[in-house]
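Quick notes on the structure that follows.
The values are calculated or read from the model by the stated rules, or taken from the named source; none is laboratory data. Fair warning: this is a prediction, and the values are worked out from it, not measured in the lab. Glycine also receives a Cβ, built like all others from the backbone with ideal geometry; neighbour counts cover every protein chain displayed.
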Amino acid sequence: MYDHNNGQVVIVGGGIAGLATAKLLSENNFHFAIVERSYKLGGHTKDWACMATDNCNRCHSCAVFDYEEFVASSPHGEIFLRHELFSVTRSTSGISSVGIRCIDSGAERELPVTALVLAVGFEPFDPIEKGFWGYGTFEGVMTLSDLNRLMRLDDLNTIRPGNGDPLNLAFFQCVGSRDKTIGADYCSQYCCAAAIRAALRTIHQYPDSKVTIFYIDLQIAGKTAQALMDKAQEKGVRFLQGVPGEIQPIQDGGLQVISEKDGQNVVERFDRIVLSIGQRPSSSAIAISGITEAPLNEFGFFQTRSQFDPVRSPLNGVYIAGSCSGPANIPDVAMNAGKVVSAIIKDIEQTI
Amino acid sequence: MNSGSLAGSYETMNLIKNATGQNDVDICVTCGQCVSRCFLSQSYPDINPRKIIRKILLGREQEVIDSEFIWACTLCGRCTTDCPKNISMDVVIRRLRGLAWAQGKAPSRLCEGIEKIKEFGNNTGVDAEEFQETAEWIAEECEDELQEIFEGASNVPFDRKGAEILYMPNPREYTSNPNMFQAYLKFFAHVRADWTLSSKVFDVTNWPYYLGDQDDAVALVRATVNEARNLGAKILLTTECGHGFKILRKDTQAWLGESIDFEVLSIIELAHRYFKEGRLRLRQGAINKTVTYHDPCNVGRKVGIFEGPRELLKFISANFVEMWPNRKYSICCGGGGSVSQNSDMGSKRLEHAMWKRDQILRTGADILTTSCQNCLTQLGDMQSRYNMPVEIKSVMELVVEAIEPLSLP
């Protein structure tokens, strides 16, 4: 049998997809090297707050800490922070080595490669692209990740009205998702459940808060979906179909929107509006695709061989992990890592 | 199930599909953004853009065809600006109007206007001779000012073959609002424009477009294009008009199925171009007031002219302020898309314009400018109705006030 200790898998990206893949590789006696552009591991998940209320709401953001701890202490791996991929050397069966470079010092080194995993993640949609939501213009308009940051830093009190009134919060779903005009005609998968959890978390911390979720249709499924919806309804989260297309500032510092309710158009005031932003392809996807020649799909995510082979790039020896092949939530990314590692093992065993 | 009505809706859907080219209304995901961006939402609680799409899909388009809403709609297109599925509501509404018109349910005033266009070539019923006389008379009224710019500037050129610019006015300029025509004459004189009017085609507007009467709309465009070719113009210059300019600029090639070998420009674009080239010299800060700009839907959102007029206004005014929202998301004045011309709508267009009124008042501006005759009419009417403490002018009127006279050669 093939001794996995002889192989080294290079993983581009140290977010949750890269970490989950590294953990599984390590458990299967592979050497791995993580090449990460930023100064820390964990990617976007690291910025996400725990959504537990009186019990766990299964946001799975804590998983990143377990992965990181395991990977950082693994004897099988090397971690290159502040490094980026700049070249690949091809062999007949795929890629034999990659060149990486330190972003700060410019120092270059060559890493031998048995398999190359691209796990460059996603880019949060920047709502400034769509000016009518007033993001960046009005203080009260924030994104779901801004809200998460506040929760993470325990700063949720900063968005409560100064006069002691209850916080009146609205979520707008599908911001930057299912949108042809920006080339993102797809569902971003994570946002409905994430918004509901954030609503519950807000109400848990400040039970007088009023939360409205404006949605197109709720794209949540799975065995935990109904429990989440039941809890949201029990806690008084209001769901309104239809997303207001515009936010107007009003004199008292609040924000006004128009929505349709029971066939009538209603004007409503909120203290804060949270835009549930979708996932766009990573800003480094184009560069990485250029270096490796791993092709991108129509949306700018990395292409995989088919729906039924969702982790192999059409390019031999290259595997696509996590949300760089399309929007995904944390549990999906973790499961996908298992598919990546089993594909790598299978391919290696077939070639020897 | 009533299969007859379903078949009907397929026809309507196909009409709309053909009109929009690629997208079909059944792609709508009912996100509802259009509802909150429509300034008619408050006035017509029973209907809104999203419901119109639903009704069409459910085979109930007759309810929409019979509704006042389609005639109150200004075709401003704001509801579906950045529609996630690229639906163009103004195209949908025009198609529905076309169906209403075919059923004899179009507003009478618009139908009369179209008859006049067919007979006289313009919607006011002024004939060629009368037009020439009126234009010359309006020029005479400001003869001294024009002659001061250069000797002979008060001669209005007609049918000059080989002139660089064919200028296409709005009938308001030779009927209700001759001041505008005078402002343009002064502009032409100052920049020593090589221009002409046509005595055959002298109406930039396109009322059949409003009615969804595509054949007549195309015929008008063809007549204008033929006249520009006949005179050998390099620039077909439109007045500060909304839909007329937008059609000539944006739809001509698709509608006629042929390319055109001249430029279609709005006079504000030409002014901006000449300003950049140094041919139009303006006095910086000449307008010692606070000025704001209303983006006309056709000039702004539909054609994409945002920065040119702003550059001019920022240069000539002491203080320039923006409304929110602006540019692509500008709120319609409430008078476009035939609503101002449609006597059946009465003064409702002013009641529908509250968003615009509040937006204007919030700026605190002394002068409100815009670059569309329709907007100017509506904003003027709003000003008197609501006593808005603001002066209303076209961008070109203000630009002409700020012109630095060229020293004579």
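The criterion of at least 1 residues that are facing another protein chain (nearest Cβ under 8 Å) is met, among helices (runs of 4 or more DSSP H) falling completely within segment B:22-96, by B:33-37, B:49-57.
Looking at segment B:158-178 only, could you name the residues that are more than 21 Å from the chain's Cα centre (by Cα) and either exposed (fewer than 15 other Cβ atoms within 10 Å of the Cβ) or without any contact (Cβ under 8 Å) to a residue 12 or more places away in the chain (or both)? Correct list: B:161, B:162. Evaluation of residue A:206 against the conditions (1) more than 14 Å from chain B (Cβ to nearest Cβ); (2) hydroxyl-bearing (Ser, Thr, Tyr); (3) within 23 Å of the chain's Cα centre (by Cα) shows that the sole unmet condition is (3). Among the candidates B:354, B:396, the residue that is surrounded by fewer than 17 Cβ atoms within 10 Å (Cβ to Cβ), at pLDDT 90 or above, on the phi < 0 side of the Ramachandran plot and not small (Gly, Ala, Ser) is uniquely B:354.
Yes or no: residue B:324 within 14 Å of chain A (Cβ to nearest Cβ) and under 18 Å from residue B:306 (Cβ atoms)? For residue B:324, the condition - within 14 Å of chain A (Cβ to nearest Cβ) and under 18 Å from residue B:306 (Cβ atoms) - is met.
Does segment B:99-110 include one or more residues that are under 26 Å from residue B:339 (Cα atoms), basic (Lys, Arg) and within 14 Å of chain A (Cβ to nearest Cβ)?
So far as segment B:99-110 goes, no, none of its residues is under 26 Å from residue B:339 (Cα atoms), basic (Lys, Arg) and within 14 Å of chain A (Cβ to nearest Cβ).
Take the conditions (1) closer than 18 Å to residue B:400 by Cβ; (2) hydrophobic (A, V, I, L, M, F, W, C); (3) assigned to a helix (DSSP H, G or I); residue B:193 misses just one of them, which is (3). Pairs are defined by a Cβ separation below 7 Å, a sequence spacing of at least 6 or placement on different chains, a first member in segment B:239-257 that is farther than 24 Å from residue B:379 by Cα, and a second member that is surrounded by 22 or more Cβ atoms within 10 Å (Cβ to Cβ) and of a type in the set (D, E, K, R); the pairs so defined are B:250/B:302. Only one of B:152, B:113, B:125 is at pLDDT below 90, away from chain A (no Cβ under 14 Å) and surrounded by 20 or more Cβ atoms within 10 Å (Cβ to Cβ); which? From the options B:152, B:113, B:125, the qualifying one is B:113. Of the residues that sit in segment B:277-321 and are over 30 Å from residue B:40 (Cβ atoms) and of a type in the set (Asp, Glu), which one is nearest to the other protein chains (Cβ to nearest Cβ)? So the residue we want is B:311. With respect to (1) over 15 Å from residue A:188 (Cβ atoms); (2) surrounded by 23 or more Cβ atoms within 10 Å (Cβ to Cβ), the lone exception for residue A:323 is condition (1).
Only a single item in (1) under 26 Å from the mean Cα position of the chain (by Cα); (2) more than 9 Å from every other protein chain (Cβ to nearest Cβ); (3) surrounded by fewer than 17 Cβ atoms within 10 Å (Cβ to Cβ) is not met by residue A:232, and it is number (3).
For the subset of segment A:149-165 comprising residues that are surrounded by fewer than 18 Cβ atoms within 10 Å (Cβ to Cβ) and either under 14 Å from residue A:237 (Cβ atoms) or charged (D, E, K, R) (or both), which member is nearest to the chain's Cα centre (by Cα)? Once the filter is applied, the top-ranked residue is A:149.
Take the conditions out of contact with any Lys or Arg (no Cβ under 8 Å at 6 or more places or on another chain), under 26 Å from residue A:193 (Cα atoms) and in contact (Cβ under 8 Å) with a residue 12 or more places away in the chain and apply them to residue A:330. Does it pass? Show your work before the answer.
Numbers: out of contact with any Lys or Arg (no Cβ under 8 Å at 6 or more places or on another chain): yes; under 26 Å from residue A:193 (Cα atoms): yes; in contact (Cβ under 8 Å) with a residue 12 or more places away in the chain: yes.
When the stated conditions are applied, residue A:330 passes them.
Taking residue B:181 as the residue in question, decide whether it is among the hydrophobic types (A, V, I, L, M, F, W, C), outside any loop (DSSP other than H, G, I, E, B) and surrounded by 21 or more Cβ atoms within 10 Å (Cβ to Cβ). In short, yes.
A quick yes/no check of all residues on (1) within 14 Å of chain B (Cβ to nearest Cβ); (2) of a type outside the set (Ser, Thr, Tyr):
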| position | (1), (2) |
| --- | --- |
| A:255 | yes, yes |
| A:266 | yes, yes |
| A:286 | no, yes |
| A:306 | no, no |
| A:314 | no, yes |
| A:318 | no, yes |
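Residues that are within 12 Å of another protein chain (Cβ to nearest Cβ): find the strands (runs of 3 or more DSSP E) completely inside segment A:116-181 holding 3 or more of those. Filter on segment A:116-181 gives A:168-175. Taken over segment B:38-60, the criterion of being under 23 Å from the mean Cα position of the chain (by Cα) and at pLDDT below 90 is satisfied by B:41 alone.
Just one of the listed residues (A:284, A:323, A:289, A:313) is polar (S, T, N, Q), at pLDDT 95 or above and within 17 Å of the chain's Cα centre (by Cα), namely A:323. The requirement of being part of a helix (DSSP H, G or I), modelled with pLDDT of 90 or more and away from every other protein chain (no Cβ under 14 Å) is satisfied by residue B:134. In the set (1) within 25 Å of residue A:13 (Cβ to Cβ); (2) in contact with a helix residue (DSSP H, G or I) (Cβ under 8 Å, 6 or more places away or on another chain); (3) not hydrophobic (A, V, I, L, M, F, W, C), residue A:235 fails one condition alone, (1). For segment B:352-371, the set of residues classified as more than 14 Å from every other protein chain (Cβ to nearest Cβ) and within 18 Å of the chain's Cα centre (by Cα) consists of B:353, B:368, B:369, B:370, B:371, listed by residue number. Of the strands (runs of 3 or more DSSP E) contained entirely in segment B:244-324, those carrying at least 3 residues that are under 23 Å from the mean Cα position of the chain (by Cα) and in the same structural domain as residue B:374 (by TED's automatic domain parsing) fall at B:287-294.
Taking the criterion of being surrounded by 14 or more Cβ atoms within 10 Å (Cβ to Cβ), in a loop (DSSP other than H, G, I, E, B) and either in contact with a Leu (Cβ under 9 Å, 6 or more places away or on another chain) or without any contact (Cβ under 8 Å) to a residue 12 or more places away in the chain (or both), the only residue of segment A:75-99 that qualifies is A:76. Set side by side, the residues B:223, B:217 differ, and just one is of a type outside the set (S, T, N, Q) and touching a Pro at 6+ places or on another chain (Cβ under 8 Å), which is B:217. So, residue A:280, is that one farther than 21 Å from residue A:203 by Cα and either among the β-branched types (Val, Ile, Thr) or more than 9 Å from chain B (Cβ to nearest Cβ) (or both) or not? Yes; evaluated as a whole, the condition is true for this residue. Number of residues in segment B:77-119 that are more than 21 Å from the chain's Cα centre (by Cα) and without any contact (Cβ under 8 Å) to a residue 24 or more places away in the chain: the value is 3. If we scan segment B:333-351, do we find a residue that is modelled with pLDDT under 95 and within 14 Å of another protein chain (Cβ to nearest Cβ)? No; the residues of segment B:333-351 include none that is modelled with pLDDT under 95 and within 14 Å of another protein chain (Cβ to nearest Cβ).
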